[in-house]
Amino acid sequence: MITLSVIAAVVAMCAVAVSLWQAREAKHAQEAARQSQEAVVRAQEEARAARKAVEQATSSALQAKNALEEAKKAVVKAEEAARQSQEAATASRMLADEAQLTAHQAATQVGELVGALAAQRSRVGMPTFAITPGAPDEFRLSYFGGPAVIEQLTVSVVPGSRVLGLSQYDEPPAEHLAVGPLHNGDAVTFRAATGQRASAVFQITAEPWEPIVVRAE
């Protein structure tokens with residue numbers, strides 16, 4: 001009977017030891033599970049942070065791409081504006097050169113025409129006149145070739161020559177100025193109310209010859 005009691009006590013003690021060991025192992029397992037859960041939570045947080053960083057990097061890359069596209073468009077617009085400006089400057093230069101050439105050709109043609117008319121008038125015994133600028137707003141009319149004396153001639157303003165009026169002495173400027181008599185080789189001085197002497201063109205009428213146009217040169 002005592003032996004059975006001792007055996008039962010030993011068995012009970014072994015059962016208690018096993019229970020204690022199982023409880024300790026269960027506690028260790030719970031601790032490992034808790035640590036695993038914490039590791040999973042940390043891994044999830046790190047994954048969320050990594051995903052957020054990737055999203056931010058993607059957004060920044062997209063913004064940088066858009067900024068680069070806008071910069072490329074701005075460069076293209078600037079190049080196009082510069083090209084158009086250069087073309088406009090070239091066209092303006094060409095127009096200015098053409099206008100200058102046309103003006104020079106017109107002046108040359110007028111000079112040649114005046115010279116031809118003067119030569120023709122001289123050949124047929126008609127009077128020839130020349131007008132040269134002197135002091136500011138002052139012109140010198142010379143008569144040569146033709147009759148020995150011209151009793152009277154009229155110097156007139158030519159429309160478009162920017163001459164406002166003519167006078168020989170102190171009288172108010174008028175559209176027509178009577179001069180004479182003039183001997184062959186004589187010269188008279190008169191004034192013209194104008195600020196552009198290079199544009200001064202006059203018409204001279206001497207009876208009984210036809211009127212002629214003379215440019216001040």
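Remarks
- Option label - semi-axes √(5λ) of the Cα gyration tensor in Å computed here, alternatives (1) 44, 17, 14; (2) 35, 18, 14; (3) 126, 16, 9: (3)
- For the chain, the longest principal axis of the alpha carbon atoms and the long axis of helix 2-123 meet at an angle near 10°.
- Per residue, the chain exposes 70 Å² of accessible surface when a 1.4 Å probe is rolled over the protein heavy atoms with every protein chain present.
- Rounded to whole Hz, the Karplus (6.51, -1.76, 1.60) HN-Hα couplings of region 146-162, x for glycine and proline: x, x, 5, 9, 10, 5, 7, 9, 10, 9, 10, 6, 9, x, x, 8, 6
- Straight-distance candidates among the lysines for linking to Lys52, with alpha-carbon spacing under 21 Å and chain neighbours fewer than 8 residues away dropped: Lys65.
- Computed from the Cβ-Cβ distance with R0 of 25 Å, the FRET efficiency linking Val40 to Ser19 stands at 0.25.
- Taking every DSSP helix (H) stretch of at least 4 residues in the chain, weighting each as -39,500 (n - 2.57) and dividing the sum by the residue count yields a mean residue ellipticity at 222 nm of -21500 deg cm²/dmol.
- Mean Cβ count within 10 Å, highest first, over the residues of peptides 137-146, 14-23: 137-146, 14-23
- Diffusion of region 1-111 by Stokes-Einstein, at 37 °C in a medium of 0.692 mPa s and with Rh set to the Kirkwood radius over alpha-carbon pairs, works out to 136 µm²/s.
- HN-Hα J in Hz across region 171-188 - Karplus 6.51, -1.76, 1.60, θ = phi - 60°, x for Gly and Pro: 6, x, x, 10, 6, 10, 10, 8, 10, x, x, 10, 8, 4, x, 6, 9, 10
- Take every Cα pair under 8 Å whose residues are at least 6 apart in sequence, average their separation, divide by the length of the chain, and the relative contact order is 14 percent.
The values are calculated or read from the model by the stated rules, or taken from the named source; none is laboratory data. What you are looking at is a predicted structure, and each value in this text was computed from that prediction instead of being measured. For neighbour counting, all protein chains shown are included, and Cβ atoms are generated from backbone atoms with ideal geometry for every residue, glycine included. To get the accessible areas, we keep the full protein, side chains included, count just its heavy atoms, and leave off ligands, DNA and RNA. Shrake-Rupley method; radii C 1.70, N 1.55, O 1.52, S 1.80 Å.
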